[in-house]
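Below: the structure, in structure tokens.
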Amino acid sequence: MNTKRVLSQFRVLLILVTLANHATAQESQTSSPEAHRAKYNYVRVQALLDTPMIDAAITKGADGIFYLTGTTGTKRPDGTINFDVNEGARLWRSKDLKTWDDLGLVAPLSIVKAKVADLGLLRTAAGADEMKGLIAPELHFIGAACYLTYSLKPCGTGLLKSTTGKPEGPYEDVGLITKDGADASLFADDDGKVYWVFGGGWFARMNDTMTALAEKPRLAEPHDKRKDLSPGAQILQVGQGGAFLFKKEGVYHMLAAGIHGRLGVPCYDTWVATAKSLEGPWSRRKLAVQHGGQATMFEGPDGQWYSTFSGEDSRAAVRERAAIVPVEWVEGVSYWGSKGEPWPYKKPQVITEAWGWEEARPVSDYSYRDPVGVNGGDGFFYLTGLHNYRSHGRGARILKGKDLTGATPWEAIPIAGYKTVDDIPWFKNPDKPGSFLIWGCKIFPAKGTFWISLGVPGGGRVLKSESGTMNGPWKVAVTPPDSEPAKRGFWRSMPFEDYEGNLYGRWDALLWPMKPDFSALEVSRVPPAEGDYKNPFDQRLQGYLFESTDGSALFRGDVPVGHIYKIDGQYLMIGGAGWHGDYRSFGTYDSEVFWSTKPGGPWHPNYTVLPHGGNSGIFPDNDGVWWHVSFANDNSLPDNARLRCLPLEIKWNGAGYDIGPKRKQETPYIHHPETLIADAAAVAKIKAAYPTIEIPSNIALQDPAITPITKDGKTTYYLTGTAASSDKSDKSDPSEKHRRFMNNDGVHLWKSTDLKNWETVGRVASLTHENNLGKNSAFHPINYFFSPPDSLETLYTRGIITPRLYAIGGDYYIVFSMSRQKIGLLKSTTAKPEGPYELWGPVAGHGTAAFLADTGIGSENNTDAYLFAYDPSLFVEDDGTVYCVFGPGWIAPLTKDMKAFAERPRLLSVEDALYAGKGGCQVFKKDGKYHLLAANEWGDMIERTADALHGPYGKSNLAFAQTGSVTVFANGKDPIQAVAGIR
């Protein structure tokens, strides 16, 4: 006898029996409502004052008193607050962070000496409400002195000093410290040196008299040390504004606010990077406070550290009010760790996100993935999903309960009478249990009863309740075609009944017409579809394929298409999962949403995202209110993988669904676009620096670019640019002009021999049609919508932006931005400018290519955390090196094969500004000098020159007035010519 083998088998048997007993015993171990509520005690962030305020800043004085200030404003006619207009800096104080005394207006705007002319701006237009308020004031104690930093609109930062040394003032104006940048702050180091901190992470040492900078500003640049991260995957700075520097236990912490695409909308979050020296290196930037925006951090009276919060974006739980949230130093979050580099992170139980998540508590301690729920019609609701093995062991459970708020814990009952996986007849015990023994469990109502799609090692089956209730009894509805069926097939699909009473099975992006009892296929019954659309038919799987109207992916990785629900006479698809924002670590796992008027599609993007949904579902309560079941598979909600329910409002609007929370925000976000006022006289004085080509009015392009190509002595000019959208169903923005150019279906080319008459070449790279760029499953990032990286407006964009054609080394390339969130390169597969084109970039998962600049890793490269991946152009140096210039002035060389950045991007050095411009950067060489063109914030183009590629660039001049983005190209007759398009 082999004693060791017997003992080993006995141990395995003992473990299995113990797990089974443990799984069964837990069914009766429901905690009390009191204990359950105490465990999941979520609280919503609360405002400190009922005074409209953003950029909240709290400083602790030597006397232990806390002082609060921030940007206040005035009411607009629509009741919203204009924070650009205020009387100056106001101040409050408190001993306990609870009761605040109003000290009033301590620094009126009138004491500031600077005028717009002092900023030395090159521009022919101005914004509304300039120099009408003090922006982002902060109080600082430096030695025995007391200071208030401030910013101005349109730009510039300055300093006020208390004449009494007291926070109450009065104050006198020290003057402007910088003519560029915003959101000023101060930091005093242990050695007594004081630093001016501003923008998205800029800082510089001040002189001894605190009247000016003693050195050129430098930028805290985060460095992501994750393995296999390409240079183009680095986040280049901590944020876009609101920098604040502090030191704790010898470590420097640089806070900054940045727009981030979590939740599928622009979220203005608080970020942090840490370093042991101001010289760096700085850590990877890490999320500190969701929706926190510009913030300061400080130690409270109880030793607890706090971050200020004022909530500016559309999903903040508290909007435009000063608040504080507790933070704790952590070394990791779900899916990602940073051992040895702790950072301040909001305590998870404090909810800073809107929609009422603080009232959506987990209904059970059991953890699931990809959940769905149903109303049982018996006074109970039922939830289930994939069973996390560490939580369930060998148990098989459906959660049953009445309280959708999670205040009372739900009961766990067996799945269709199966208490453990060992009870399931087709279960085949694996050698080693993986993450899931029950890898699929979906409940759906159809044909007056309930159905369960149940998948385990050994296969999947569809179970039907014979009683029409969730009490069963249950039987297998359809027999697989063989004893070893594949995972994908109608025998394990999810039943769905359309408005006409037809029954289907769904799985992945497939739809199978089924007999009324679900016993067999009815392949000859074609699913009804919109208009003359016909579903593609998969001969191998004998099912009809779902497709979207614009090529958007309905399948992502191993996550199938969403579930279908009948609402208001149409069909709503929810549950196609997608990460938004920084993949896994700081992003959110949300549900993509589509709709159709027919079950066969095609499916229209709804231009909305269901937050924290992932692959999940919705169900109605007894009052007709729809509830969303979430398993919180990200770090923006506490208690990952615990199921919770959130009430929604869902209504058909004639061109899609309006989807939002039942709990409304007290001050909902209303977008107010910046208004620019051009100075006609100033515009008239500016002569274009180069001859400008006019594009025919029938060619609708933004950011046009012309490439001359000479062959056999004949020059042909190729024109491309940001094309208009052809999707008339696009309802993401009521402004037709704005919408058309944010969403489009690819790259279009025109050609000419005389720069006057243009012949249409056509679409050379497509997002929507056959052989489109997104057909490859690892390239699905191109199939998703992204929120703009430089606006809080809740838009959803999907398009190839600012494409530019280049002839390099005998090949043709098109550099472009994908929805202003990533930079890609296309290469012609025919060595002809007409293409077609394929993506040309770093190696990604499954042997595919990725983007040049994108924060993702491998095939998960559809994050939208990249701050400056827009307006790319290429420059070829005399030695053949190709450089990519993008954003406000970043530059990086490409590898010799042009598939990736060869090194981390760096900023072009500009003598009179922090950045070259807002965007539209282009480098070219003329008369031995390097020329840099860049767009400013007011619609003009600025030109600078330098003796070296990386600068410094000086001799700024207005090259083009009120043209928006302009590109230039070399021409044999006129050395340099320019082209401008629709603004």
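Rounded to the nearest 10 degrees, what's the angle between the helix 3-25 long axis and the longest principal axis of the chain, both from Cα atoms, 0 to 90? It works out to around 80 degrees. From largest to smallest, the equivalent ellipsoid semi-axes obtained for the stretch 677-720 from the alpha-carbon gyration tensor read 30, 15, 8 Å. Over the chain, dividing the summed -39,500 (n - 2.57) contributions of all DSSP H runs of at least 4 residues by the number of residues returns a 222 nm mean residue ellipticity of -1500 deg cm²/dmol. Amide hydrogen proximity for LEU852: with H placed 1.01 Å from N in the peptide plane, the residues at 5 or more positions away or on another chain lying under 5 Å are ILE823, GLY824, LEU825. Placing unit charges on each Cβ (+1 for Lys and Arg, -1 for Asp and Glu) gives the stretch 308-431 a dipole about its Cα centre, and among HIS392, ALA316, VAL330 the Cα reaching farthest toward its positive end belongs to HIS392. Cβ-to-Cβ counts within 10 Å put LEU255, LEU908 in ascending order as LEU908, LEU255, the fewest first. On the basis of the beta-carbon distance and an R0 of 56 Å, ASP621 and ASP712 show a calculated FRET efficiency of 0.15. Each label point was placed 7 Å from the Cα along the Cα-to-Cβ direction; for LYS402 and PHE298 their separation is 4.9 nm.
Simple point charges give the picture: +1 on the Cβ of Lys and Arg, -1 on the Cβ of Asp and Glu, and for the chain a dipole about the Cα centre of about 1780 debye. Put a dot 7 Å past the Cα of LEU541, heading toward its Cβ, do the same for ASP879, and the two dots end up 5.2 nm apart. Separation of the alpha carbons by more than 30 angstrom is noted, of LYS685/LYS822; LYS687/LYS918; LYS247/LYS662; LYS400/LYS464; LYS685/LYS827; LYS225/LYS925, for LYS685/LYS822; LYS247/LYS662; LYS685/LYS827; LYS225/LYS925.
Need the full-extension length gain, ASP790 to ASP811, defined as separation in residues times 0.36 nm minus the C-alpha distance. One decimal, nm. If you can, show how the numbers build up before the last one.
Values: separation 21, 0.36 × 21 = 7.56 nm, distance 3.36 nm.
Length gained between ASP790 and ASP811: 4.2 nm.
For SER548, SER31, what ranking results if the residue with the fewest other Cβ atoms within 10 Å of its Cβ goes first? Please list the in-between numbers first.
Values: SER548 23, SER31 14.
Going from sparsest to densest Cβ surroundings: SER31, SER548.
Around the amide H of TRP282, modelled in the peptide plane, lie the amide H atoms of GLU221, HIS223, all under 5 Å away and 5 or more residues distant in sequence or on another chain. Across the stretch 337-371, the residues whose backbone nitrogen lies under 17 Å from the label position 7 Å along the beta-carbon direction of ALA38 are 365.
Considering all alpha-carbon pairs of the chain, what whole percent are spaced by more than 52 angstrom?
23 percent
Sorting the segments 507-519, 339-351 by their residues' average number of neighbouring beta-carbon atoms within 10 angstrom, most packed first, yields 507-519, 339-351. Please report how far the C-alpha centroid of the stretch 106-144 lies from that of the stretch 200-273, rounded to the nearest whole angstrom. Comparing the Cα centres of the stretch 106-144 and the stretch 200-273, I get a distance of 23 Å.
Using θ = phi - 60° in the Karplus curve 6.51 cos²θ - 1.76 cosθ + 1.60, the 3J(HN,Hα) couplings for the stretch 382-389 round to 10, 10, 6, x, 4, 8, 5, 4 Hz; x is entered for Gly and Pro.
Between SER591, PRO425, VAL374, the Cα set farthest toward the positive side of the dipole of the stretch 360-661 (charges on each charged residue's Cβ, about the Cα centre) is that of PRO425.
Anisotropy class assigned to the stretch 191-313 is oblate, per the alpha carbon gyration tensor with a/c at or over the 1.5 cut-off and a/b no larger than b/c.
Indicate the gyration tensor shape class of the stretch 360-661 (rounded, prolate or oblate), computed on the Cα atoms with a ≥ b ≥ c the square roots of the eigenvalues: a/c under 1.5 is rounded; otherwise a/b larger than b/c is prolate and the rest oblate. In terms of gyration-tensor shape, rounded. Between the residues GLY721, GLY810, LEU236, the greatest Cα displacement towards the positive end of the dipole of the chain, with unit charges on the Cβ of Lys, Arg, Asp and Glu, is found for GLY810.
Can you give the charge dipole size of the stretch 72-130 about its Cα centre, rounded to the nearest 20 debye, using +1 on the beta carbon of Lys and Arg and -1 on the beta carbon of Asp and Glu? Can you show the working numbers first?
On the way: 9 positive and 9 negative charges, 25 e Å.
Charge dipole, the stretch 72-130, about its Cα centre: 120 debye, nearest 20.
Taking neighbour Cβ counts within 10 Å as the exposure measure, how do ILE823, ILE976, ILE801 sort from fewest upward?
Details: ILE823 28, ILE976 14, ILE801 24.
Least to most surrounded, the residues fall as ILE976, ILE801, ILE823.
Identify all aspartates and glutamates with a Cα-Cα distance to LYS442 below 12 Å; exclude those on the same chain that are fewer than 8 residues away in sequence. List returned: ASP370.
In a simple Cβ point-charge model (Lys, Arg +1; Asp, Glu -1; nothing else charged), the stretch 383-429 has a dipole of about 100 debye relative to its Cα centre. Remark: the Cα gyration tensor places the stretch 324-466 in the oblate category, a/c being 1.5 or greater and a/b not exceeding b/c. Residue ranges 63-70, 148-155 sort as 148-155, 63-70 when ordered by packing (mean number of other C-beta atoms within 10 Å per residue, highest first). Just to confirm my numbers, what's the Cα centroid distance between the stretch 929-983 and the stretch 626-681 in Å? Computed from Cα coordinates, the inter-centre distance equals 40 Å.
Computed from the coordinates by the stated procedures, all read-outs in this text should not be read as laboratory data. Note that the coordinates shown come from a computational prediction; the quantities given were computed from them, not determined experimentally. Glycine also receives a Cβ, built like all others from the backbone with ideal geometry; neighbour counts cover every protein chain displayed.
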